[in-house]
Every structure is written in structure tokens, then in C-alpha cells.
Amino acid sequence: MKAVRMVGWQSPPEIVELPVPEPGPGQVLVKIAGAGVCHSDLHVLDWPEGTLPYRLPFTLGHENSGWIAALGPGTEDARLREGDAVLVYGPWGCGVCPSCARGAENYCRRAAEIPAAGGGLGLDGGMAGYMLVPSPRLLVPIGGLEPRTAAPLSDAALTPYHAIKRSLHRLVPDSTAVVIGAGGLGHAAVQLLKALSPAQVIAVDIAPDKLKLAEQAGADHGIPPGEEAARRIRELSGGLGAALVLDCVGADATMATAAAAAAVESDIAVIGLAGGTLGVRFGAVPFEASVHIPYWGSRTELAEVAALAEAGLLDLHVETYPLGQAPEVYDRLRQGHINGRAVLIPETAT
Ligand code: FEH
Ligand code: ZN
Ligand code: ZN
């Protein structure tokens, strides 16, 4: 099978031929229908050796969907059958610590002992014809959803869903939510905010086509970034500012905008990985504003995201490409030329 491999630190991914793996005890083999192309991969590919504990080479792709191809010995789980369409839950923890036991493998207590964050993040991921998943617990059935375009639910949607869910109590009628960065995560965040809350939603992005996508996703306003953005947000929110700011970029400038646009008693959630910083001190952020860095989401939340999609309340914008075009697609992503989320489709995804 073809696989998109991370072969070196600060090196481009390579497409190689690999044998289709066999599921061992406890494992499940998934035939990949679609593998999302996440901006985080660009950071992983760009970061110098030593930044992450990953052992190279491995197959990229941490946002995956497909069909169960084979159940390894001991996985005869009544819940899953060969042929079932599934999402692959991305953060692979130890599976037994208190966090993992409640489905929050994104916050596994033993993460520091595990030299990988999941398939596509140090272990073989889904940018390939097939993917080995360590346990059926990491698979979420998706019923009648189209598997080839469902993959972004497992990251582009799950990450903002987790961040929004913990702030829902702030999103009361007449409140305002701001989404900075209307790319893969951002446009999903807009749809989720409109589906889950009465808040007015303001999207902030430098690219007009991204703002258009955000407005198609339900944003009430789309505005450019910069000095003016915070003032405009205050104007649109009756002077209060935003009860929730989701920074899907995470750069110095966007975090500064988040702090300037936030309301008293608000949440500022930074889910973008650009590596920016924000000074949190008296006067730098509004009174009782909370700044936090959520990471991905739980297995339970992924099932909730899948349910939202099956109910038609979440319909992500997906651009599909053949798996063999992975290097070009990563380049397009880096140049900001992907609208919504790009998904790679293996030639075996029939
Ligand atoms: C991937 C790798 C490292 C940090 C964060 C991520 C996210 O894309 C996972 O949602
Ligand atoms: Zn990701
Ligand atoms: Zn754990």
C-alpha cells in the first residue's frame, strides 16, 4: 500500500510502498477512507529533532476515517463488525489511567512515558491504504456518514468542540463568540458555535475567501485581523467584548487580539499551534478572564461530534485529493490555499 511517511526532522514527507499490516491481539485493521491534512503536521514536520519524542520513520495522518477491515484476536467486540464505517479517535493514551478510563486519552496521566501521541503522531497513522489501531476503544462508528469526507470530524471538529463545550455556560443569549482563523478548525468552530449556542459569532481572518467560508458556516460577521479587530468586536457586542475567544492560530498577534477583544469573565482558548505568547497580568486581560490551552478532545466528545454530523448540524467543507498528492497538498496548506479541510483519499478507498 502507499503511505505518506515522516522520514526525517525538518524534511518533507515521502510516499513509500509498505505491506498492509496484520492486526495482532487487541488490534483492529482499518481500511482508510480519508485522512485529513492538519496544519499541526506542518509544525511537526518543521520542528527540529528533539522537540518531540517520536521515533522516525512513521506514517503521517492523525485525522482518520475508514472501514473496519479485520478484527485482531480478542477484539470480537459486539459493538464493531468488519465493514463498519468508523472514525479513528486520535489521541492514543495508556487506556487505563483515570483520564483514559473516562475517555479523555488526550489528557492521559502517563503521556510522558509514551513516545508518541497517536497514529500519525509518532506511530503509523492514516495517510495510507490501511492503518493499525491499537484497540477497538479508539473507534467511533459513524453510521450513514460518508466515510471519505468524515475524517475531519476527529480533529478539525473535535478540537474546537472540546474547547467550546467547556465554555458553553458563558455563551448565553446576547453573548458574543469570536473565532480567530477560519481554516480547518475555525470553520468547524463557527458551525459548532451556531449549533450549540445562541451567541452571535464573529470570525476573524486575513483572507477574504476564509471569511466567506466562515459566513457560509454561519458566522454573523467576518472581519479582518489587526488593531481595528478588537474595537470592531466591542462595537458589535454592545461594548461587552467576547464571552469566548477561540484562537485557532495561536500567534502573538492573534493572542493579543483575543485579549483585547475578550469580555470580563470570559474564556480565551488557544487551539492554534503557531507558538505565540500572551502576557497574563493585571490589566493585560479583562478581570476574571481565563486563558487556557485545550488539547484535542475525549472519545466521548468524538461520539458527540459524530452525532452532531449525523443530525446534519455539522457539515464541514472538505477538499479531497488523491493520497499520492500529499506533498503538494501540504504545500497548498502551508501557502493558505486550502479552504476548510483537505482530505487525502487512498486509491484503495473503494
Ligand atoms: C497535533 C500535534 C501536536 C499538537 C496538537 C495537534 C493537534 O492537531 C491535534 O488536534
Ligand atoms: Zn491536528
Ligand atoms: Zn492514560
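Quick rundown of the values:
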| quantity | calculated |
| --- | --- |
| Residue ID - modelled with the lowest pLDDT, chosen from residues in segment 214-234 that are assigned to a helix (DSSP H, G or I) and more than 25 Å from Val172 (Cα to Cα) | Glu227 |
| Residue that is of a type outside the set (Val, Ile, Thr) and surrounded by 22 or more Cβ atoms within 10 Å (Cβ to Cβ), where the choices are Leu273, Leu302 | Leu302 |
| Positions within segment 95-107 being near ligand 3 (Cβ under 6 Å from one of its atoms) and more than 17 Å from Gly26 (Cβ to Cβ), in sequence order | Cys97, Ser99 |
| Within segment 174-189, tally of residues that are assigned to a strand (DSSP E or B) and either aromatic (Phe, Trp, Tyr) or in contact with an Asp or Glu (Cβ under 7 Å, 6 or more places away or on another chain) (or both) | 1 |
| In segment 68-92, residue farthest from the chain's Cα centre (by Cα) [restricted to those that are within 16 Å of ligand 2 (Cβ to nearest atom) and not in a strand (DSSP E or B)] | Trp92 |
| Within segment 235-271, considering residues that are assigned to a loop (DSSP other than H, G, I, E, B), within 24 Å of His317 (Cβ to Cβ) and touching a residue at least 60 places away in the same chain (Cβ under 8 Å), the one farthest from ligand 2 (Cβ to nearest atom) | Val249 |
| Unique match (being surrounded by 16 or more Cβ atoms within 10 Å (Cβ to Cβ), in a strand (DSSP E or B) and within 16 Å of ligand 2 (Cβ to nearest atom)) among Ser65, Ser40 | Ser65 |
| Test: Leu80 is closer than 23 Å to Trp296 by Cβ, surrounded by fewer than 20 Cβ atoms within 10 Å (Cβ to Cβ), within 16 Å of ligand 1 (Cβ to nearest atom) and hydrophobic (A, V, I, L, M, F, W, C) | no |
| Some residue of segment 158-172 being small (Gly, Ala, Ser), under 30 Å from Ile233 (Cα atoms) and more than 16 Å from ligand 3 (Cβ to nearest atom) | yes |
| The one condition in (1) farther than 24 Å from Met131 by Cβ; (2) surrounded by 22 or more Cβ atoms within 10 Å (Cβ to Cβ) that Leu313 fails to fulfil | (2) |
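The values are calculated or read from the model by the stated rules, or taken from the named source; none is laboratory data. All figures in this text were calculated on a predicted structure; none of them were measured in a lab. We place every Cβ from the backbone using ideal geometry, glycine too, and count neighbours over all the protein chains shown.
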